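Asker: A single structure is presented below for examination.
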Protein chains: 2
Amino acid sequence: MSSKPIHAISPTREENYPEWYLQVIAAADLAENSPVRGCMVIKPWGYAIWEHMQAILDTKFKATGHENAYFPLLIPLHYLEKEAQHVEGFAKECAVVTHTRLESDGKGGLRPCGELEEPYIIRPTSETVIGVQFSKWIQSYRDLPVLINQWANVMRWEMRTRMFLRTSEFLWQEGHTAHATRDEAEAETKQMLNVYADFAENYAAIPVIQGEKTPAERFPGAVNTYTIEAMMQDKKALQSGTSHFLGQNFAQSFGIQYLDKEGKQEYAWTTSWGMTTRMIGALIMTHSDDDGLVLPPKLAPLHIVILPIYRDEQDKEKVLNYCQDLNQRLASLTFNHEKIRSKVDAREMNGGEKSWHWIKKGVPIRLEIGPRDIEKNSVFMARRDLGIKEKRTLTCDEFINQAATLLDEIQTQLFNKAKQFQQDHLHSVKTLDEFNDLFSEHGRGGFALCYCAPDDVEDIIKPMKVTARCVPLVQANDPGLCIFTGQTTTRQVVFAKAY
Amino acid sequence: MSSKPIHAISPTREENYPEWYLQVIAAADLAENSPVRGCMVIKPWGYAIWEHMQAILDTKFKATGHENAYFPLLIPLHYLEKEAQHVEGFAKECAVVTHTRLESDGKGGLRPCGELEEPYIIRPTSETVIGVQFSKWIQSYRDLPVLINQWANVMRWEMRTRMFLRTSEFLWQEGHTAHATRDEAEAETKQMLNVYADFAENYAAIPVIQGEKTPAERFPGAVNTYTIEAMMQDKKALQSGTSHFLGQNFAQSFGIQYLDKEGKQEYAWTTSWGMTTRMIGALIMTHSDDDGLVLPPKLAPLHIVILPIYRDEQDKEKVLNYCQDLNQRLASLTFNHEKIRSKVDAREMNGGEKSWHWIKKGVPIRLEIGPRDIEKNSVFMARRDLGIKEKRTLTCDEFINQAATLLDEIQTQLFNKAKQFQQDHLHSVKTLDEFNDLFSEHGRGGFALCYCAPDDVEDIIKPMKVTARCVPLVQANDPGLCIFTGQTTTRQVVFAKAY
């Protein structure tokens with residue numbers, strides 16, 4: 001009889017994946033539900049991850065010529081009406097502001113008063129309100145391109161919410177650009193998709209498939225939507241960032257026009273692209289295990305935690321001093337062009353409890369330091385990406401010399417592991433039967449890569465709760481038979497169940 | 001007959017100060033009004049200033065032990081009702097969300113539907129919604145202190161708005177902390193006031209008076225509000241940052257309780273403190289002149305702009321190369337622990353027009369480089385804090401060696417000039433007559449420092465549109481006679497007209 005290993009998170013992934021996800025969030029103290037319907041509170045550890053995401057993305061946006069700006073939270077109702085598809089997509093779930101004051105209701109409570117002539121909605125996305133401003137900023141070809149990004153909160157009145165993955169309010173960045181030509185706007189759309197893919201793979205250590213959305217999955221009002229799709233550990237897809245080529249749709253709706261070099265009035269070509277706090281959900285579901293959060297070092301608020309271990313007051317001072325010295329030496333090191341983030345956890349707390357605290361928070365490296373380590377001038381190191389009990393002793397100097405390399409190794413390992421998982425569960429599906437098997441109740445699931453001729457096969461796949469994730473940018477060279485129609489086609493589509 | 005000097009901004013400060021302010025904003029392209037009532041659009045140059053403010057403040061908050069987090073935008077109506085004074089202060093001007101969907105109105109338009117059982121208001125400030133979470137986070141003295149900051153947008157339905165100074169939506173940070181003892185909470189309140197004063201004086205180059213608000217000017221729900229008050233060039237006061245000691249008011253309203261070491265249930269002591277995009281308004285009105293914006297180097301998005309000047313294509317390449325080389329050499333320098341921010345403006349544009357472009361944007365140093373400067377290996381330098389025509393030639397090496405020192409000198413000069421202005425217009429007022437003269441229609445205005453015994457003298461000063469700005473933390477040692485009551489008192493109060 002083998003004894004079942006004990007894990008910090010209950011249930012485990014295998015037992016109940018959705019509940020495991022929530023328990024990882026709770027155990028790492030990343031976020032919690034708030035009494036405001038569908039809105040979460042992002043707690044310091046979760047928000048610190050977001051800050052690192054922001055810093056990296058912001059640097060990349062600026063390096064590609066974008067500037068940050070800020071536009072109003074509220075959108076006049078009639079703006080939304082200007083773009084027909086856009087309103088279809090967003091009117092169904094939005095927060096509507098109708099009043100501007102509160103007054104006593106005579107029963108000790110308050111009621112709204114000061115009704116607005118025209119209601120406002122809280123931005124679900126800002127194409128409309130930014131479109132209005134762009135139409136003022138842009139007069140001549142000399143004013144183009146306009147390359148803007150906004151860091152903001154947005155709101156969509158979601159019915160079923162899940163922390164980080166789908167919340168009524170969420171944080172994001174939204175890029176909005178206007179260009180003189182179609183080619184330039186399309187190049188921008190793809191450039192920003194690349195920025196997202198680079199961020200996902202090389203920072204969040206999440207392998208992604210880049211592709212085009214099928215018409216049914218496009219952003220409301222877009223000519224074309226590009227996406228990066230990641231595979232979670234339950235083999236479901238998570239759309240992790242999107243970049244939209246809006247053609248001249250919004251330019252026409254909002255009058256974004258310019259005089260070209262020949263003095264002719266033309267509509268601009270616009271794009272928009274966004275990445276959200278959902279990326280934290282992707283991070284959790286890609287790397288974490290049954291002991292809690294696992295963080296890729298490049299996004300970890302803390303790289304190395306030093307845990308002093310002592311039995312009595314006499315040892316205590318010696319151990320704490322040794323730890324502080326070590327911490328100071330680490331502070332002078334860099335990883336990924338930034339200072340290594342390390343700290344000593346000197347709280348009075350049971351050693352095991354303290355160690356589990358940081359395991360559950362996903363800190364990449366833990367160092368346990370007791371009197372015997374000091375005697376040997378060594379550290380007892382545990383890596384979060386390895387088994388809980390796989391610890392090893394290094395001399396202090398060895399560790400300091402290797403710290404950055406170790407972090408880099410962890411970063412790479414996490415990516416490779418996730419990549420392997422993705423490859424293991426990406427199936428080339430040749431027939432509809434195979435497809436049906438894959439996505440049946442007891443099917444293996446994963447991503448199905450299929451030849452697919454029609455633009456939309458919604459009617460066929462919807463009952464299985466499967467969606468077309470994307471038409472990958474990298475396509476096979478050879479044609480094949482469409483699994484839905486039998487037609488010969490070169491177009492391959494990735495299908496999956498998705499968040 | 002002397003010819004009137006020509007200025008870039010019309011009207012000048014003397015001609016029409018409020019309109020001058022708006023024209024400086026327009027000329028520097030900092031922000032613009034939006035079609036959304038009372039909401040502005042912060043344009044890239046304005047937002048870049050805010051980003052520098054954020055980076056500096058955020059570092060200071062973290063250095064004093066605070067962590068960032070994020071709380072919901074929406075506040076359930078009944079939260080507001082829990083703190084009696086708080087609701088008084090904020091219910092009169094708030095955006096109320098009453099519906100969650102839009103539907104066709106049958107006339108081609110949309111109308112709200114999906115009415116909420118309980119309306120939400122868009123946060124005017126977050127004491128209530130954060131208080132609810134704190135009551136969950138805090139159980140024992142071991143959980144204290146809780147030191148949180150939030151970067152967010154907030155909304156107050158202002159009737160009369162002015163860009164940056166008073167807008168319906170604005171950006172800010174709000175600190176919220178909870179402590180075990182009154183002393184600790186009071187120390188926190190004052191610590192954060194000091195952080196604001198340090199930021200205002202040593203970064204924004206704005207001299208401020210630190211003080212306590214009188215009861216009438218307190219934050220709704222606070223036991224005590226501390227403020228930093230700055231003097232604008234029209235001698236009016238601008239409240240530039242506030243720090244509130246909330247006592248146990250919010251802890252009682254929201255049940256923020258903890259078990260102390262003796263196992264006794266106690267209410268926590270809380271604080272809150274905020275600084276907003278209003279600080280950009282303060283920056284404009286403190287330093288700018290009749291030629292436009294003047295930026296203190298520590299907050300300038302660009303420290304040095306290099307303007308190539310050439311007549312023909314032959315010169316062009318040589319001049320541009322020289323400028324790019326210079327720019328690269330500058331890129332390796334640091335000012336105030338950050339890389340010097342410089343760029344070459346190579347746009348095809350009339351030289352005078354280009355120069356004025358950057359004058360109006362307030363860039364601290366402009367370098368004009370033409371063929372003759374290259375021959376002499378020199379730069380022709382203009383400082384934004386000096387007269388427009390006060391330019392001087394330095395050798396390239398001289399400039400590079402001095403660049404950081406020059407920026408530092410400009411920073412100091414701006415502060416000293418503003419400090420002198422503040423001192424020149426801070427009047428020790430001994431009698432009510434003097435007070436009335438000072439604030440009469442043709443009075444000199446400025447700040448009146450008066451002995452004042454009563455807590456509130458609202459009835460007397462309100463008709464003059466004067467308010468008590470603060471009771472300065474630094475008080476005179478000797479008592480004097482209250483100008484309102486004739487009583488002997490040691491309490492001095494600063495009065496002024498204010499934004």
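The values are calculated or read from the model by the stated rules, or taken from the named source; none is laboratory data. Every value quoted in this text rests on a predicted model; they were computed, and no experiment measured them. FYI the Cβ positions are ideal-geometry reconstructions off the backbone, even for glycines, and counts take in every protein chain you see.
Asker: I want to confirm something. Restricting to the range A:375-398 and keeping residues that are touching a Phe, Trp or Tyr at 6+ places or on another chain (Cβ under 7 Å) and at pLDDT 95 or above, which single residue is nearest to residue A:328 (Cα to Cα)?
Answerer: The residue in question is A:379.
Here is a yes/no grid of residues against (1) out of contact with any Lys or Arg (no Cβ under 8 Å at 6 or more places or on another chain); (2) in the same structural domain as residue B:56 (by TED's automatic domain parsing); (3) of a type in the set (Lys, Arg):
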position	(1), (2), (3)
B:336	no, no, no
B:353	yes, no, no
B:360	yes, no, yes
B:404	yes, no, no
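Asker: Further question: Residues in the range B:387-428 that are closer than 14 Å to residue B:235 by Cβ and assigned to a loop (DSSP other than H, G, I, E, B): how many?
Answerer: Count: 1.
Asker: Can you find, within the range B:316-340, the residue that is nearest to residue B:414 (Cα to Cα) among those that are of a type outside the set (Ser, Thr, Tyr) and buried (at least 20 other Cβ atoms within 10 Å of the Cβ)?
Answerer: If we take residues in the range B:316-340 being of a type outside the set (Ser, Thr, Tyr) and buried (at least 20 other Cβ atoms within 10 Å of the Cβ), then B:335 is nearest to residue B:414 (Cα to Cα).
Asker: If you don't mind, another one. Residue by residue through the range B:429-441, note down the ones that are assigned to a helix (DSSP H, G or I) and either touching a residue at least 60 places away in the same chain (Cβ under 8 Å) or surrounded by fewer than 15 Cβ atoms within 10 Å (Cβ to Cβ) (or both).
Answerer: B:433, B:435, B:437
Asker: For the structure I just gave you, tell me whether residue B:188 is in contact (Cβ under 8 Å) with a residue 40 or more places away in the chain and touching a Pro at 6+ places or on another chain (Cβ under 8 Å).
Answerer: Here the answer is yes, as residue B:188 does meet what is asked.
Asker: Is one or more of the residues making up the range B:245-266 closer than 19 Å to residue B:17 by Cα, buried (at least 24 other Cβ atoms within 10 Å of the Cβ) and modelled with pLDDT of 95 or more?
Answerer: No, the range B:245-266 contains no residue that is closer than 19 Å to residue B:17 by Cα, buried (at least 24 other Cβ atoms within 10 Å of the Cβ) and modelled with pLDDT of 95 or more.
Asker: Which of the numbered conditions does residue B:67 fail, given that it passes all the others? Conditions: (1) modelled with pLDDT under 95; (2) facing chain A (nearest Cβ under 7 Å).
Answerer: So residue B:67 meets the others, but not (1).
Asker: Next question. What's the total number of residues in the range A:355-369 that are over 27 Å from the mean Cα position of the chain (by Cα) and either at pLDDT below 95 or under 13 Å from residue A:406 (Cβ atoms) (or both)?
Answerer: As a first pass, look at the range A:355-369 and keep what is over 27 Å from the mean Cα position of the chain (by Cα): A:355, A:367-369.
Adding the requirement that they be either at pLDDT below 95 or under 13 Å from residue A:406 (Cβ atoms) (or both) leaves A:367.
So the answer is 1.
Asker: Could you check residue A:264 against (1) out of contact with any Asp or Glu (no Cβ under 9 Å at 6 or more places or on another chain); (2) closer than 30 Å to residue A:459 by Cα and say which number it fails?
Answerer: Here residue A:264 meets the rest and fails (2).
Asker: Right, next: Scan the range A:54-89 residue by residue and report those that are touching a Ser or Thr at 6+ places or on another chain (Cβ under 8 Å) and among the β-branched types (Val, Ile, Thr).
Answerer: Once the filter is applied, which keeps residues that are touching a Ser or Thr at 6+ places or on another chain (Cβ under 8 Å) and among the β-branched types (Val, Ile, Thr), the range A:54-89 yields only A:75.
Asker: Using the structure shown, decide if residue A:313 is modelled with pLDDT under 95, charged (D, E, K, R), out of contact with any helix residue (DSSP H, G or I) (no Cβ under 9 Å at 6 or more places or on another chain) and surrounded by fewer than 16 Cβ atoms within 10 Å (Cβ to Cβ). Step through it out loud before you land on a result.
Answerer: Details: modelled with pLDDT under 95: yes; charged (D, E, K, R): yes; out of contact with any helix residue (DSSP H, G or I) (no Cβ under 9 Å at 6 or more places or on another chain): yes; surrounded by fewer than 16 Cβ atoms within 10 Å (Cβ to Cβ): yes.
Yes.
Asker: Just a yes or no: is a residue in the range A:70-83 farther than 18 Å from residue B:35 by Cβ and either within 9 Å of another protein chain (Cβ to nearest Cβ) or of a type outside the set (D, E, K, R) (or both)?
Answerer: no
Asker: Just name the residue that is farthest from residue A:236 (Cα to Cα) out of those in the range A:442-494 that are part of a loop (DSSP other than H, G, I, E, B) and among the charged types (D, E, K, R).
Answerer: Only one residue fits best here, namely A:478.
Asker: Okay, next question. Would you mention how many residues in the range A:325-337 are within 24 Å of the chain's Cα centre (by Cα) and either of a type in the set (A, V, I, L, M) or at pLDDT below 95 (or both)?
Answerer: Number satisfying all stated conditions: 2.
Asker: Over 27 Å from residue A:222 (Cα atoms), hydrophobic (A, V, I, L, M, F, W, C) and within 11 Å of chain B (Cβ to nearest Cβ), is that true of residue A:41?
Answerer: Answer is yes for this residue.
Asker: Of the residues B:30, B:80, B:57, which is touching a His at 6+ places or on another chain (Cβ under 8 Å) and of a type outside the set (Phe, Trp, Tyr)?
Answerer: It is B:80.
Asker: Looking at the range A:95-113, can you tell me whether even one residue there is in a loop (DSSP other than H, G, I, E, B), among the aliphatic types (A, V, I, L, M) and facing another protein chain (nearest Cβ under 10 Å)?
Answerer: yes
Asker: Can you go through A:365, A:369, A:410 and tell me which one is crowded, with 18+ Cβ neighbours inside 10 Å and within 18 Å of residue A:202 (Cα to Cα)?
Answerer: Answer to the selection: A:410.
Asker: Quick one: is residue B:286 touching a strand residue (DSSP E or B) at 6+ places or on another chain (Cβ under 9 Å) and assigned to a strand (DSSP E or B)? Give the steps one after another, and end with the answer.
Answerer: Values: touching a strand residue (DSSP E or B) at 6+ places or on another chain (Cβ under 9 Å): yes; assigned to a strand (DSSP E or B): no.
Taking the combined requirement at face value, the residue does not satisfy it.
Asker: Let me ask something else. Which residue is farthest from the other protein chains (Cβ to nearest Cβ), if the candidates are limited to the range A:114-150 and must be under 29 Å from the mean Cα position of the chain (by Cα) and among the polar types (S, T, N, Q)?
Answerer: A:125
Asker: Given the criterion free of Cβ contacts under 8 Å to residues at least 60 places away in the same chain, in the same structural domain as residue A:89 (by TED's automatic domain parsing) and under 21 Å from the mean Cα position of the chain (by Cα), identify the matching residue among A:272, A:240.
Answerer: Only one candidate qualifies: A:240.
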